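S.K.: Below is the structure I would like to discuss, written out as structure tokens.
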Protein chains: 2
Amino acid sequence: MDYDFNKWMSDYRVISAVGENAEGGIDRLAYTDYDFAARTELLNRAYGMRLQCFLDAAENLWFSKPGTDPDLPPLLIGSHLDTVPNGGRYDGVLGVMAGFQVLRYLAENKVAHRRTVELVAFSCEESSRFNLSTIGSKLACGMTDPEKLKKYKDASGSSPVDFLSRLKYAPESLEDRRKHLSEILGYIELHIEQGPVLETGGIDVGIVESIAAPIRLRVDFTGRSDHSGACPMDLRSDALVGAALTIAEVERLGRSEASSRSVATVGTINVPHQAMNVVPGACTIHVDIRGIDRSSMERIYAGLRDFLQKLRVERGLKIEETLLSDEYPVPMDRHLGEIIERNCKNTGLSYRWMPSGAGHDAMNVAKLAPSAMIFIPCVGGISHNLKENVLEKDLRNSIQILYEVVMDICR
Amino acid sequence: MDYDFNKWMSDYRVISAVGENAEGGIDRLAYTDYDFAARTELLNRAYGMRLQCFLDAAENLWFSKPGTDPDLPPLLIGSHLDTVPNGGRYDGVLGVMAGFQVLRYLAENKVAHRRTVELVAFSCEESSRFNLSTIGSKLACGMTDPEKLKKYKDASGSSPVDFLSRLKYAPESLEDRRKHLSEILGYIELHIEQGPVLETGGIDVGIVESIAAPIRLRVDFTGRSDHSGACPMDLRSDALVGAALTIAEVERLGRSEASSRSVATVGTINVPHQAMNVVPGACTIHVDIRGIDRSSMERIYAGLRDFLQKLRVERGLKIEETLLSDEYPVPMDRHLGEIIERNCKNTGLSYRWMPSGAGHDAMNVAKLAPSAMIFIPCVGGISHNLKENVLEKDLRNSIQILYEVVMDICR
């Protein structure tokens, strides 16, 4: 594969920087103007490549490079373009841009291939905005619908549906995509690891065995606001202390299941009307429990519920739990994984079979079609952070391994 | 004292409701348009009363009802008009409005009194906006200056000085007020108790022995942002967990000093760029330690610092402490308290000597002049809260006891 890496890198820098903030982090949250701008940048670069392009009603962006045999089910590759707040330049966008380079190479060099190759940039993969992840692929896979999405709100009270204006004009596109995804040969998603395993082991490529699933909940604590100077300690009903004890317990529960590779995190906390001289009367947190061993995840969840019940009794706090996600780990397709393995061997890349701690769109597509994931090392394992970085050799490896696998399957 | 309570109540309802929000709470934060509007409402009602009125450069509002003997040092009464976010209708404003009624009664009924009676509405008593309390009285008492105030910022980055436009035109008014306060006979502040002691005991009036002082600090925790699914528990540096453990410890330390009547509170918490799927890399809290026993307060502060040092070592977090206030409990003037006691007895009001857990402007004025405080019960001891309430009998008692004390001293 003989292509101009610097030209690709120049495009990469532009698209991955859309939404850059003053700190240097990327604020390309799903369905914001920046998110739409990144897709426009990609569409502009596809101009003249004679690809079929379209946007479905979930704002997923699709490209298709037709093969010579229209009877063969197509191979789909892809990832997503949205970021977390103050995020990095590789999570999601690397998979889309590496896939885009494969399609561009096929188009520009008139490389013959029998099987159609498709690329997708799924919308709203990150849960940061609506506290629900992989909304675009969930809609395309028929795993949710606009009506159900209305209960998910961002910080300003908007639901994802408020931004899906195309639902009015092409509602049938979602059913069309669901049907299409059930007919493809398979889906391969390339993504940064977002953890330290590959870098620590000096390994080029991770082949994902299974994707961890999240159990997610919102917990609302209600106590009573009081004057911080005049209310004695024994008469207080402090919602923030209840939340703080819960945060410490979530960490303890996560650590107790570390041998099963489960994790548990409180990522958000909000005290309404907070002030230094007011005992907090209300507090809300979000809890994220993940693992590839469902029984381990359930032990954490059960431990958390027991703890909250104890807090209710001991502290007289009102505590409401709202379950936001309750998912099962998703195994990846073994046969596609072995094709990735074969191509690593052929191109001299070291590899390792491994779980994915993070969720990805591939876990939704896997319900309809064989799916696989390729992991690429990121520096220090850092992700969801402006310091997210990938070495040039690993950027080159991303394009190379994806190209080899696509050609192996589609030539 | 024969006055129209309903007329007073009608004025009270208007002024105490300035800044009412959709929930029914009052958002009359210091130096906002609502705060200035409340003062304008008061000035409008003073029109025609032939009072001397003026605003000093700290935006403190002063009224003076001259007595027949200009050689006698005046008596000052008053409180403040600003509220905490989503606050109530009695904290501060009751003291100002009860005092205003005393002046109005003297004026309208041409009551003879030898000693001049003054009323003050100090500005920015609440620490909610700038994390510093009693700014107006501190400036008037010469306990701070505009230069030092510049380091205190509200959530939008503005300092109190940004709102003190009169500093340009009448900077000398602050020195004039400091001199005046050192020459008055004394200061008496009437205020709701903001705690449950009087109501629980069925007592009409509290006579404050000593005002608790705050030690306040901001604590900034810095760890490392990571992906909440991909980063194993043992590789995390979670700033929010560090803050949560600290919040629980602050409560524990406060409880351990309950017998000395000290309290300790974390009232605010902020995680920048927070998201459910990101391990928090940074977190800031504010800690408020109060008491009337300085050595007890210092034990809490020392315990907190020890705990933070332990967290640094055990968790590798970077933790910065910034001391915002470091004050000493302030005893009230015994002689003025005994005058209040005498007038309670004469008017048949039950009373109790007690400490003030909350800080008040009286603790600043006490540095320059004999100062005293009168506490009035509030329902359920609730304050800094939209549910703050005072029974009609206690509103009537407020005006009555203040009038009796003023006439005892000034007739």
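S.K.: Within the stretch B:83-93, does at least one residue satisfy the condition of being in a loop (DSSP other than H, G, I, E, B) and out of contact with any strand residue (DSSP E or B) (no Cβ under 9 Å at 6 or more places or on another chain)? Before the answer, list the steps.
M.R.: First, pick out the residues of the stretch B:83-93 that are in a loop (DSSP other than H, G, I, E, B): B:83-86, B:88-92.
Within this subset, residues satisfying the condition of being out of contact with any strand residue (DSSP E or B) (no Cβ under 9 Å at 6 or more places or on another chain) are none.
No, every residue in the stretch B:83-93 fails to be in a loop (DSSP other than H, G, I, E, B) and out of contact with any strand residue (DSSP E or B) (no Cβ under 9 Å at 6 or more places or on another chain).
S.K.: Which of the residues belonging to the stretch B:362-385 are within 16 Å of the chain's Cα centre (by Cα) and either among the hydroxyl-bearing types (Ser, Thr, Tyr) or over 15 Å from B:CYS344 (Cα atoms) (or both)?
M.R.: Applying the first criterion (within 16 Å of the chain's Cα centre (by Cα)) to the stretch B:362-385 yields B:362-366, B:371-376, B:378, B:381-385.
Result: B:ALA362, B:MET363, B:ASN364, B:VAL365, B:ALA366, B:SER371, B:CYS378, B:GLY381, B:ILE382, B:SER383, B:HIS384, B:ASN385.
S.K.: A follow-up question, please. Of everything in the stretch B:101-127, what is under 30 Å from B:LEU29 (Cβ atoms), assigned to a loop (DSSP other than H, G, I, E, B) and not polar (S, T, N, Q)? Give them in sequence order. Let's see the steps before the verdict.
M.R.: Filtering the stretch B:101-127 for residues under 30 Å from B:LEU29 (Cβ atoms) gives B:101-104, B:117-127.
Restricting the remaining residues to those that are assigned to a loop (DSSP other than H, G, I, E, B) gives B:123-127.
Result: B:CYS124, B:GLU125, B:GLU126.
S.K.: Just to be sure I understand, how many residues within the stretch B:257-271 are touching a residue at least 12 places away in the same chain (Cβ under 8 Å), out of contact with any Leu (no Cβ under 8 Å at 6 or more places or on another chain) and surrounded by fewer than 24 Cβ atoms within 10 Å (Cβ to Cβ)?
M.R.: Adding up the residues that qualify gives 5.
S.K.: Which of (1) out of contact with any Asp or Glu (no Cβ under 8 Å at 6 or more places or on another chain); (2) aliphatic (A, V, I, L, M); (3) within 14 Å of chain B (Cβ to nearest Cβ) is the odd one out, the single condition A:ILE26 does not satisfy?
M.R.: (1)
S.K.: Given the criteria more than 7 Å from chain A (Cβ to nearest Cβ) and within 22 Å of A:ARG261 (Cβ to Cβ), does B:ARG252 qualify?
M.R.: no
S.K.: Go through the stretch B:1-26 residue by residue and tally those that are surrounded by 20 or more Cβ atoms within 10 Å (Cβ to Cβ) and over 22 Å from B:LEU55 (Cα atoms).
M.R.: Going through the stretch B:1-26 one residue at a time, the tally reaches 2.
S.K.: All but one of (1) under 30 Å from A:ARG218 (Cβ atoms); (2) among the small types (Gly, Ala, Ser); (3) facing chain A (nearest Cβ under 10 Å) hold for B:GLY291; state the number of the condition that does not hold.
M.R.: Of everything listed in (1) under 30 Å from A:ARG218 (Cβ atoms); (2) among the small types (Gly, Ala, Ser); (3) facing chain A (nearest Cβ under 10 Å), B:GLY291 misses just condition (1).
S.K.: With the condition kept exactly as written, say whether any residue in the stretch A:334-347 is within 18 Å of A:GLU193 (Cα to Cα), among the polar types (S, T, N, Q) and in the same structural domain as A:ASP91 (by TED's automatic domain parsing).
M.R.: Quick first cut of the stretch A:334-347, residues within 18 Å of A:GLU193 (Cα to Cα) only: A:337, A:340-341, A:344.
Remaining after also requiring among the polar types (S, T, N, Q): none.
Among the residues of the stretch A:334-347, not one is within 18 Å of A:GLU193 (Cα to Cα), among the polar types (S, T, N, Q) and in the same structural domain as A:ASP91 (by TED's automatic domain parsing), which makes the answer no.
S.K.: A follow-up question, please. Kindly indicate the residue of the stretch A:56-87 that is within 14 Å of chain B (Cβ to nearest Cβ) and surrounded by 24 or more Cβ atoms within 10 Å (Cβ to Cβ) and also nearest to A:ALA98 (Cα to Cα) among those meeting that condition.
M.R.: Taking the stretch A:56-87 as the starting set, the residues that turn out to be within 14 Å of chain B (Cβ to nearest Cβ) are A:80, A:82-87.
Now restrict to residues that are surrounded by 24 or more Cβ atoms within 10 Å (Cβ to Cβ): A:80, A:82-84, A:87.
Details: A:HIS80: 12, A:ASP82: 16, A:THR83: 17, A:VAL84: 20, A:GLY87: 19 Å.
Among them, the one singled out is A:HIS80.
S.K.: Return a yes/no flag: does the stretch B:270-284 have any residue that is in contact with a Lys or Arg (Cβ under 8 Å, 6 or more places away or on another chain) and either more than 10 Å from chain A (Cβ to nearest Cβ) or within 24 Å of B:VAL84 (Cβ to Cβ) (or both). Break it down into steps so the answer makes sense when it comes.
M.R.: Within the stretch B:270-284, the subset in contact with a Lys or Arg (Cβ under 8 Å, 6 or more places away or on another chain) is B:276, B:279, B:281, B:284.
Going one step further and asking which of them are either more than 10 Å from chain A (Cβ to nearest Cβ) or within 24 Å of B:VAL84 (Cβ to Cβ) (or both), we end up with B:284.
The answer is yes; a qualifying residue exists.
S.K.: Counting only residues that are surrounded by fewer than 23 Cβ atoms within 10 Å (Cβ to Cβ) and not hydroxyl-bearing (Ser, Thr, Tyr), give me the helices (runs of 4 or more DSSP H) lying completely in the stretch B:296-411 with at least 2 of them.
M.R.: Values: elements: B:334-347, B:362-365, B:392-410.
Filter on the stretch B:296-411 gives B:334-347, B:392-410.
S.K.: Can you pull out the residues in the stretch B:233-244 that are surrounded by fewer than 22 Cβ atoms within 10 Å (Cβ to Cβ) and either farther than 21 Å from A:THR265 by Cβ or not charged (D, E, K, R) (or both)?
M.R.: Matches in the stretch B:233-244: B:MET233, B:LEU235, B:SER237.
One line per residue, one yes/no per condition, for (1) over 20 Å from B:VAL365 (Cα atoms); (2) part of a helix (DSSP H, G or I):
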| site | (1), (2) |
| --- | --- |
| B:ALA37 | yes, yes |
| B:THR40 | yes, yes |
| B:MET49 | yes, no |
| B:ALA98 | no, yes |
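One line per residue, one yes/no per condition, for (1) among the acidic types (Asp, Glu); (2) more than 15 Å from A:SER262 (Cβ to Cβ):
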| site | (1), (2) |
| --- | --- |
| A:ILE289 | no, no |
| A:ILE292 | no, no |
| A:LEU304 | no, no |
| A:PHE307 | no, yes |
| A:GLU314 | yes, yes |
| A:LEU324 | no, yes |
| A:GLU341 | yes, yes |
| A:LYS345 | no, yes |
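The values are calculated or read from the model by the stated rules, or taken from the named source; none is laboratory data. Bear in mind that the values here come from a model prediction, so they are computed numbers and not experimental data. Please note: Cβ atoms are built from the backbone with ideal geometry, for glycine as well, and neighbour counts cover all protein chains shown.
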